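Structure record follows, encoded as structure tokens.
Only the coordinates and a few stated rules stand behind these numbers; no lab work does. Being a predicted model, the structure only gives us computed values, none of them experimental. A quick note on method: Cβ atoms are made from the backbone with ideal geometry, for glycine too, and the neighbour counts reach across all protein chains shown.
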Amino acid sequence: MTFAANDISMRFGGFLALDHVSIEMGESDLVGLIGPNGAGKSTLFAVASGFETASGGRVVFKGQDVTALSPAARARLGLGRTFQVPREFTHLSVLDNLVVAAPGQLGERLVNVFLRPGDIARQRAEIVEKAEGIADFLNLARVIDQPSGKLSGGQKKLLELGRVLMLDPALILLDEPFAGVNPVLVGEISERIGELNGRGVGFLVVEHNLQALSDLVRRMYVMDRGRIIAEGTPDEVLARDAVREAYMGG
Ligand code: ADP
Ligand code: MG
């Protein structure tokens, strides 16, 4: 099992946002997570990626208990995430947004102390080359020198994905990759996710666009009011009465 959230509970004051939630996925799985607003999807992502500490339960990644690890430590193990609202640095170019997302930036790597200037330049050149490759892959090469604040909604989502790819992730938690994205780019983002998955990258995707998500994933979980209420193939899950009722606000 590559990733598992086991019996996760999350309490905000007196409110139980996650009520004994368990999900699991194997290596290079492509899984969806749906549910009405307020179901707890983003909270589950926050717990899975280490941005929030759960009130109960465990998070396991690549056979290791990562419940107590920071987001950065989880990212180094290959667990990446994007945010529902993209967090790019709007004043930085697309290229620089990718470069600063590389691990070990901002002097984090102590080993840099022992590097000579030539080594540092070579290391930076490698990071830039990787960033350019990712920009190419995501069809952002044309806008690579533009301030990212000027990108369209869909391009910002692609850049957000690109920033995670700089970490060489084994599993990416994607929060609403199609929100605010025009239909043409929805197709393009889906294709890129499918290609990455074909190369072995796993995805857990939260999304409100059920049609696009159903076309993309093989399996999905449904959450409502802090609980998992269904799991299965998209067709199976969307035919369930409980799921229809949750979406009707029942
Ligand atoms: P979803 O992503 O499924 O729309 P969220 O995980 O964002 O839902 O939120 C689930 C519930 O938890 C909501 O009722 C929300 O108001 C509440 N919640 C989320 N984060 C916090 C927080 N930091 N403090 C208090 N309540 C929160
Ligand atoms: Mg959310």
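How about region 187-246: which of its residues are under 17 Å from the mean Cα position of the chain (by Cα) and within 16 Å of ligand 2 (Cβ to nearest atom)?
Answer for region 187-246, where residues must be under 17 Å from the mean Cα position of the chain (by Cα) and within 16 Å of ligand 2 (Cβ to nearest atom): LEU204, VAL205, VAL206, GLU207, HIS208, ASN209, LEU213, MET220, TYR221.
Any chance region 4-23 includes a residue that's more than 8 Å from ligand 1 (Cβ to nearest atom), among the acidic types (Asp, Glu), closer than 25 Å to ARG76 by Cβ and touching a residue at least 40 places away in the same chain (Cβ under 8 Å)?
No: region 4-23 contains no residue that is more than 8 Å from ligand 1 (Cβ to nearest atom), among the acidic types (Asp, Glu), closer than 25 Å to ARG76 by Cβ and touching a residue at least 40 places away in the same chain (Cβ under 8 Å).
Can you list residue pairs whose Cβ atoms sit under 7 Å apart, with the first residue in region 176-188 being closer than 15 Å to LEU151 by Cβ and in contact (Cβ under 8 Å) with a residue 24 or more places away in the chain and the second being part of a helix (DSSP H, G or I) and basic (Lys, Arg)? Count only pairs 6 or more apart in sequence or on different chains.
PRO177/LYS157; VAL181/LYS157
Determine whether region 37-58 contains at least one residue that is of a type outside the set (S, T, N, Q), within 15 Å of LEU173 (Cβ to Cβ), more than 16 Å from ligand 1 (Cβ to nearest atom) and in contact with a Leu (Cβ under 8 Å, 6 or more places away or on another chain).
Within region 37-58 (the criterion being of a type outside the set (S, T, N, Q), within 15 Å of LEU173 (Cβ to Cβ), more than 16 Å from ligand 1 (Cβ to nearest atom) and in contact with a Leu (Cβ under 8 Å, 6 or more places away or on another chain)), the answer is no, since none of the residues qualifies.
Return the only residue of PHE83, PHE89, PHE61 being aromatic (Phe, Trp, Tyr) and under 12 Å from the mean Cα position of the chain (by Cα).
That would be PHE83, the only listed residue that is aromatic (Phe, Trp, Tyr) and under 12 Å from the mean Cα position of the chain (by Cα).
Check ARG199, ARG244 and return the single one that is under 23 Å from LEU140 (Cβ atoms) and without any contact (Cβ under 8 Å) to a residue 12 or more places away in the chain.
Selected residue: ARG199, the only one of ARG199, ARG244 that is under 23 Å from LEU140 (Cβ atoms) and without any contact (Cβ under 8 Å) to a residue 12 or more places away in the chain.
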